[in-house]
There are 2 protein chains.
Amino acid sequence: MAVFSSLTPVFVAVLCVIIGFLFKNSQRKESRSKQKPSDQTARPWVDEDLQDDTEISTKDNEENNEDWMDTTDEENLPHVPYSPVQYSVSEMLDRSERFYTLMNLRRSVRFISPEPVPKEVIDNVIRTAGTAPSGAHTEPWTFVVVSDTDVKHRIREIIEEEEEINYKQRMGNKWVQDLKRLRTNWVKEYLDVAPYLILVFKQAYGILPSGKKKTHYYNEISVSISCGILLAALQNAGLVTVTTTPLNCGPQLRSLLQRPANEKLLMLLPVGFPASDAKVPDLKRKDLNDIMVLV
Amino acid sequence: MAVFSSLTPVFVAVLCVIIGFLFKNSQRKESRSKQKPSDQTARPWVDEDLQDDTEISTKDNEENNEDWMDTTDEENLPHVPYSPVQYSVSEMLDRSERFYTLMNLRRSVRFISPEPVPKEVIDNVIRTAGTAPSGAHTEPWTFVVVSDTDVKHRIREIIEEEEEINYKQRMGNKWVQDLKRLRTNWVKEYLDVAPYLILVFKQAYGILPSGKKKTHYYNEISVSISCGILLAALQNAGLVTVTTTPLNCGPQLRSLLQRPANEKLLMLLPVGFPASDAKVPDLKRKDLNDIMVLV
């Protein structure tokens, strides 16, 4: 009994240390598990940061052409002289002024007339988009031009179904409020009405004759540049559009249009003449001094 | 003593359970810490997939404007009628044909003349780029136009230093071979010679008057579209450039040009007249049938 009572404090001390250790440990675990979900919520921001990282340092082993070499698979590509027309200073000033005026009249238009548009004009507009530069001259774009009434309507159904879900469930309150102000909702009549829908796909990779995948460097930037030239060509021809990026509809639209797996939908542009009662929000553009810095 | 010896097995059993528990716990911790680094190595692939995923499904809570609503912070933005010039069918055909011909003559040119270019033309070209559409009308672009000889030279030093490392250490063998064929290397004389270097920065986020960050939706796509319009404007004015995306130089160039942290370098365009002996690789563009699909 004496030994027991003399040993008890030792056991109690040991037990206290052990219980203390366990308690500390479980706390650490708890704080770690508390951290975990916030890590996961934060992940989109991490991805976004990487996506916004021009250095692409994490992809150094994958995407390495820092210069958009017009590299092809041909051996010893011949070089040819290049001497385009050179304008006089006054011509340059005049041309650049007029082109600015023309482009500055461009607006995103959601009210499109059903009036038909000559197919040859669309051909020329797509041809023009195809003159864009691209990483390693991969030309990683496919322009699907839809004029078929039934297919246009099916596209509208797919998009409106997803947009309704976006508006009701996925979108933050702020965005829904912003959109309400503009009196728009998920009904996209122009998808039925516009004579043409241009669905712009980026080819994330190509398929070599051997069947192997070939990475298309900077495919999204290249296709976006091409879309910039496409918008300029539409405006030059007197046509209107609105730049849309249908969320969550890519796979369904890709499958509807039977595009291969390497093609991802980047943009959808309804194209036509503006409706006679077309309206646009009264937006201003930034001044030159707000977008240009001279060094 | 009898009590002690009769209690000892109980203490031993308790101790065994506790030690067993601790051991199991430390193993779990170990396996978790083993998992961590492989998660991190895998992350770039996940990001890359996300970057190529038009659905942006993992970012549903962050980027939700599937339509590029020209949303601003103004309440109840007024709408105004929009009725641009409409051309006759023959005019449209003629205009679209001529614009295609003009754009199709554009080539990426690395041999740029030191001949000065009127500053007003550059102003108009940047103004034109600023007419591009952008996600939620954020206009997330800054065009830094460098004509200062010393700054141009410093930019060249930064880029050539990084490019030499890229070529020698980072680039795959295949790419180095491809570039050899094109007889180019990491020496970029045009960075000194071109009268203007246009460094295009995307604003990954904006700063609200409250100091809070405001996400710029689709900033990279918007700025790339703007660059497409910029390329069209340069070509229209009779100027040449080459679309480059200097790898790993972003932070150094941003710091040299004293741009804020929310701006990331997307592209660098040396701008001028072509050198009298300018040559370009004899590349062909895809046929219309290879880039357009009719439905």
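Observations on the structure shown:
Per-residue answers, yes or no, for (1) within 13 Å of the chain's Cα centre (by Cα); (2) surrounded by 24 or more Cβ atoms within 10 Å (Cβ to Cβ); (3) more than 24 Å from A:V121 (Cα to Cα):
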{"residue": "A:W186", "(1), (2), (3)": "no, no, yes"}
{"residue": "A:F201", "(1), (2), (3)": "yes, yes, no"}
{"residue": "A:A204", "(1), (2), (3)": "yes, no, yes"}
{"residue": "A:L247", "(1), (2), (3)": "yes, yes, yes"}
{"residue": "A:K284", "(1), (2), (3)": "no, no, yes"}
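- Residue count for the range A:178-194, restricted to those that are farther than 18 Å from A:A129 by Cβ and modelled with pLDDT of 65 or more: 8.
- Residue check for B:G228: in contact with a Ser or Thr (Cβ under 7 Å, 6 or more places away or on another chain) and within 20 Å of B:E139 (Cα to Cα): yes
- Residue list for the range A:244-264, restricted to those being in contact with a strand residue (DSSP E or B) (Cβ under 6 Å, 6 or more places away or on another chain) and either within 25 Å of A:F111 (Cβ to Cβ) or of a type in the set (A, V, I, L, M, F, W, C) (or both): A:T244, A:T245, A:P246, A:L253, A:L257
- Between A:T58, A:T54, the distinction of being buried (at least 21 other Cβ atoms within 10 Å of the Cβ) and either modelled with pLDDT under 95 or at the interface with chain B (Cβ under 7 Å from one of its Cβ atoms) (or both) belongs to A:T54 only.
Yes/no per residue for (1) touching a Ser or Thr at 6+ places or on another chain (Cβ under 6 Å); (2) modelled with pLDDT under 95; (3) closer than 18 Å to A:D290 by Cα:
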residue: B:S210; (1), (2), (3): no, yes, no
residue: B:T241; (1), (2), (3): no, no, no
residue: B:P251; (1), (2), (3): no, yes, no
residue: B:L265; (1), (2), (3): yes, no, yes
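- Selection from the range B:231-242 of residues that are in contact with a Phe, Trp or Tyr (Cβ under 8 Å, 6 or more places away or on another chain) and touching a residue at least 40 places away in the same chain (Cβ under 8 Å): B:A232, B:A233, B:N236, B:A237, B:L239, B:V240, B:V242
Residues are listed down the side, and each one gets a yes or a no for (1) of a type in the set (G, A, S); (2) under 25 Å from A:Q203 (Cβ atoms); (3) touching a residue at least 40 places away in the same chain (Cβ under 8 Å):
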| position | (1), (2), (3) |
| --- | --- |
| B:C249 | no, no, yes |
| B:L256 | no, no, yes |
| B:E263 | no, no, yes |
| B:A275 | yes, no, yes |
| B:A278 | yes, no, yes |
| B:D282 | no, yes, no |
| B:I291 | no, yes, no |
| B:L294 | no, yes, no |
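- The range B:249-263, subset aliphatic (A, V, I, L, M) and more than 8 Å from chain A (Cβ to nearest Cβ), residue farthest from the chain's Cα centre (by Cα): B:L256
- Residue among A:T245, A:T215 that is touching an Asp or Glu at 6+ places or on another chain (Cβ under 7 Å) and free of Cβ contacts under 8 Å to residues at least 40 places away in the same chain: A:T245
- When B:K202 is tested against (1) touching a residue at least 60 places away in the same chain (Cβ under 8 Å); (2) part of a loop (DSSP other than H, G, I, E, B), just one condition goes unmet, and that condition is (2).
- Filter result (within 8 Å of chain B (Cβ to nearest Cβ), basic (K, R) and out of contact with any Phe, Trp or Tyr (no Cβ under 6 Å at 6 or more places or on another chain)) within the range A:120-170: A:R170
- Any hit, the range A:224-238, residues being outside any helix (DSSP H, G or I), at positive phi, at pLDDT 95 or above and more than 20 Å from the chain's Cα centre (by Cα): yes
- Within the range B:95-114, tally of residues that are within 14 Å of A:T128 (Cβ to Cβ), surrounded by 14 or more Cβ atoms within 10 Å (Cβ to Cβ) and either aliphatic (A, V, I, L, M) or more than 9 Å from chain A (Cβ to nearest Cβ) (or both): 2
- Single residue of A:V117, A:V85 found to be outside any helix (DSSP H, G or I), more than 7 Å from every other protein chain (Cβ to nearest Cβ) and aliphatic (A, V, I, L, M): A:V117
- Filtered residues of the range B:264-288 (kept if more than 7 Å from chain A (Cβ to nearest Cβ) and either among the acidic types (D, E) or not in a loop (DSSP other than H, G, I, E, B) (or both)): B:M267, B:L268, B:L269, B:P270, B:V271, B:G272, B:D277, B:D287
The values are calculated or read from the model by the stated rules, or taken from the named source; none is laboratory data. Quantities reported herein were computed from a predicted structural model and do not represent experimental measurements. So basically every Cβ, Gly included, is an ideal-geometry build from the backbone, and we count neighbours across all protein chains shown.
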